[in-house]
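S.K.: This is the structure I want to talk about, given as structure tokens.
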Amino acid sequence: LILRSEFWRRVRSKAFLLATLLVPVGFVLLAAAPAVFGYLAEQTDERTVALVDETGRLADSLVAASGDRVTFEVTEASTDSVRAAVRGGRYDGYLRLPQSLLTGEGEATYYSMEGGGLSLRAQLDNQVTRVVRQHRLEAAGASKDVLAIVGSDVSLTTRKLSEDEGTTADSSLAYTAIGYAMAFIIYFAVFIYGQYVMQGVIEEKSNRVVEVIVSSVRPFELLMGKVLGIGAMGLAQMVTWAAVAMGGVAAVGPVMALVFSPSDLGVAPDASQQALLEAAGVSVPTIPVDLVVWFILFFLGGFLLYAALFAAVGSAVEQQQDAQNLLLPVISPLILPILFLIFIIESPNATVSVVMSMIPLFSPILMVLRAAITSVPVWEIATAFLLLVGSFVGVIWAAGRIYRVGILSYGKTPSLRELATWVTYE
């Protein structure tokens, strides 16, 4: 009854409906905004750069290398005159190429009023490096064949060995992104929905509603009902978002077919959507079913574990601001795994990665990440999950004993030592 009441009361609220509808829209906007603003910056950020070439040999090559965003203009004016022209707005900046640049001792310097920006700096660095390298090789007597070899790029592809004699495409980068996303989804879901549990307990306690409720139900049953009800709400919201995401992925093919014609991509007119995606360089990896199952299980286990801790904290205070000191021991184990994400991505099978992903307070985030980016033995995942379930049972027992005392306690906020003594109260 409590589970059903908590679930339906929250699912039917306007806040839940708005969040469920607006979060996917906000996610799409956040994902698309960098690309849109980057495109707009490329269209509008055109710079005219004065070129002060003290070598007398590099100016023509750099002018020939001018792109859409940077136009070089050679000037013979003095440094003071060029700087005055930059301050007056005639040039966006000027690039000085010292004589020592050809011997590999000097460095090019770009001067401007507002700074170059990361993209402009990278572009100037790349263009100057290529031109200087070309001239130094020519001065050393390199032939045209050698110059062509030095200027060429080498591509690299990766393949994975399958269990049989064949190979498959390497989707490590995509699976790393998926695992990273799953880890953060669990982190934010546990943190946000755990806060819901704590707020619900504090509201009932401050309104004295809980004093009426506990006359008809045991405190532990009330705690479990709230945790499971809010957990069911969170799972329903996550499933809705997952369905929207899957629909968006499924729409990639039809959208590509509308935007690009098969002839533009060099494929047959009757080519399939998969062929169009591959020709366009778009790879949509298939998420293994077992990874989805483990994600759901660890999400539920992690939520139940931390929700019990949040409920225990909520039952010990009367206002949310009073809970800050007690929340630190609860939030710290939730934040700590985030610091290990990069290490686990780089070394998923290292001893530290294996041990950290087995710890129940960390496994909901770290084990899911490892399972996405590498082949984790089933016994490791199963052991981590059993340890997580066992920890939840122990924590929910301790939280229930704190809850039964805390929900009827008012006045001074208890310390961590006092909370520990509440566990032993009979």
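S.K.: May I ask you to rank Trp241, Trp397 by accessible area, largest first, using a 1.4 Å probe over the protein chains only?
M.R.: I get Trp397, Trp241, largest accessible area first.
S.K.: Here's another thing I want to ask about it. Solvent-accessible area per residue for segment 318-426 at a 1.4 Å probe radius, Å²?
M.R.: Working: 5530 Å² over 109 residues.
Here the residues of segment 318-426 average 51 Å² of exposed surface.
S.K.: Kindly write out, for segment 324-339 in residue order, the coupling ³J(HN,Hα) from the Karplus curve 6.51 cos²θ - 1.76 cosθ + 1.60 (θ = phi - 60°), rounded to whole Hz, with x marking Gly and Pro.
M.R.: Whole-Hz 3J(HN,Hα) from phi for segment 324-339: 4, 5, 7, 6, 4, x, 7, 7, 4, x, 7, 7, 3, x, 4, 5.
S.K.: Starting from the alpha-carbon convex hull of segment 291-414, give the projected area averaged over all orientations, in nm².
M.R.: 7.9
S.K.: For Val70, what residues show an amide H to amide H distance below 5 Å, using hydrogens built from the backbone and excluding near sequence neighbours?
M.R.: The list, which skips near neighbours in sequence, is Arg47.
S.K.: Select from segment 187-247 those trypsin sites (Lys or Arg not before Pro) which occupy a DSSP coil region and have at most 15 other Cβ atoms within 10 Å, ordered by residue number.
M.R.: Filter output for segment 187-247: Arg208.
S.K.: To the nearest 0.05, what FRET efficiency results for Leu18 and Gln199 with a Förster distance of 25 Å applied to their C-beta separation?
M.R.: It comes out at approximately 0.90.
S.K.: On to the next question. How long is the gain from Arg130 to Arg218 if the chain were fully straight, where each residue apart is worth 0.36 nm and the alpha carbon distance is subtracted?
M.R.: Length gained between Arg130 and Arg218: 24.1 nm.
S.K.: Right, next: Quick one: if you stick a label point 7 Å off each Cα along the C-beta vector at Ser206 and Asp80, how many nm between them?
M.R.: Each label point is offset 7 Å from its Cα along the Cβ direction, giving 7.0 nm.
S.K.: Using R₀ = 45 Å, calculate the FRET efficiency as 1/(1 + (r/R₀)^6) where r is the Cβ-Cβ separation of Ala420 and Ala33; round to 0.05. Don't skip to the end; give the middle numbers.
M.R.: Numbers: r = 48 Å, r/R0 = 1.06.
Computed FRET efficiency for Ala420 and Ala33: 0.40.
The values are calculated or read from the model by the stated rules, or taken from the named source; none is laboratory data. None of the values given here were measured: they were computed from a predicted structure. FYI the Cβ positions are ideal-geometry reconstructions off the backbone, even for glycines, and counts take in every protein chain you see. Side chains are part of the model used for accessible areas, which takes the heavy atoms of the whole protein and leaves out ligands, DNA and RNA. Shrake-Rupley method; radii C 1.70, N 1.55, O 1.52, S 1.80 Å.
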